[in-house]
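Scroll down for the structure; my scribbles are underneath it.
None of the figures in this text is laboratory data; all of them are computed from the coordinates on show. None of the values given here were measured: they were computed from a predicted structure. Methodologically, a virtual Cβ is constructed for each residue, glycine included, from the backbone with ideal geometry; neighbour enumeration extends over all protein chains shown.
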Ligand SMILES: Cc1cc2nc3c(=O)[nH]c(=O)nc-3n(C[C@H](O)[C@H](O)[C@H](O)COP(=O)(O)O)c2cc1C
């Protein structure tokens, strides 16, 4: 009988030849499956929306490295005349810095926003990526945000949601064919910077009504809102999930970074930023545990993933997959993958072979 380290090496060698983790695990009689809603994945790690999913060349690198798929950088939607009420979120970053959490994990601070391109420009990119996804059988999930009312009385600009959903579904069907197109809604942490995500009832309305608008715009779409991390406590986080489920969401991403005042450890300088790291992972794991008690809605986990152990933790809590960004930004596609999956101490495969999953 080969020991765990020999099996790990054999799996890794096989992976070098055919970069399909699922297929290799099957060959070693390890019966695990990963998915995003009904879409099967070859690997449980997706690249989360951000700078790594804004260009075809980077997305090719993600596929070559062996990741399970990508969620594209979120785009600001428009109506058919090009009006985009959320265009203030097309904001170029004027500040960027790396900080470290108490475990020594890197966290990227910046003050940018969603994709800078207008919808027309973005669609040229998206179509190329969907074509690549089809050629390589590599899942590509778009993410977007359209008008959000600022009060309970303000009407939705439905045309923005309708037009953007339709045009994205049309483009994405290059990859999806007849399957329903999976789309994330990015309720972005910088909504707080815009003083938008501050009223609980208004936020609940977004989660309840936005999925409905998307589904009314196309019969061939599955919608997955990304949960905001707000300051109103765990019960409110669950209320947002319930609202999304009641609004017809097909799944939920738990959860985006939290917006906070940060004090730099070395200089004492303070600034507002979206934050992540270990703190984010711990609060997100708590939310996933709680969410599992109230709903069986599919969950995609994100936040503070820096090792195979973190991936196993998220999957064991009931997530279908794990979306990673910061660690891959810091280490690069290949190196991060190698470490997350094949690290001989706490890589995903090593922990599976030790029976840590399930
Ligand atoms: C630079 C940067 C850009 C991001 N852009 C988006 C975005 O456009 N849409 C979105 O849903 N999340 C965005 N995020 C959040 C990430 O997708 C991810 O969920 C979050 O950073 C937590 O995962 P991580 O700790 O592995 O980075 C961004 C995060 C960073 C750091």
Report summary line: Taking r as the C-beta separation of residue 216 and residue 93 and R0 as 30 Å, the FRET efficiency to the nearest 0.05 is 0.30
Report summary line: Rounded to the nearest 10 degrees, the helix 200-217 long axis (Cα) sits at an angle to the longest Cα principal axis of the chain of 80 degrees
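Once every DSSP H run of n ≥ 4 in the chain is given -39500 (n - 2.57) and the sum is divided by its residues, what mean residue ellipticity at 222 nm do you get, rounded to the nearest 500 deg cm²/dmol?
-13000 deg cm²/dmol
Over region 4-353, what is the percentage of antiparallel beta bridges among all DSSP beta bridges, to the nearest 5?
35 percent
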Report summary line: Listed with the fewest Cβ neighbours within 10 Å leading, 327, 100 appear as 100, 327
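Looking only at region 46-174, where both bridge partners belong to it, what percent of the DSSP beta bridges are antiparallel (to the nearest 5)?
Within region 46-174, antiparallel bridges account for around 45 percent of the total.
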Report summary line: With a ≥ b ≥ c from the Cα gyration tensor eigenvalues, square-rooted, and the rule rounded for a/c under 1.5, otherwise prolate when a/b > b/c and oblate otherwise, the chain is prolate
Requested in this report: Using only Cα atoms, tell me the angle between helix 333-342 and the longest principal axis of the chain; keep it within 0 to 90° and round to the nearest 10.
Outcome: 50 degrees
Report summary line: Inter-part gap, Cα centre of region 260-316 to Cα centre of region 1-72, in whole angstrom, is 22 Å
Query raised in the report: For helix 56-65, what angle does its Cα long axis make with the longest principal axis of the chain, in degrees from 0 to 90 and rounded to 10?
Result: 30 degrees
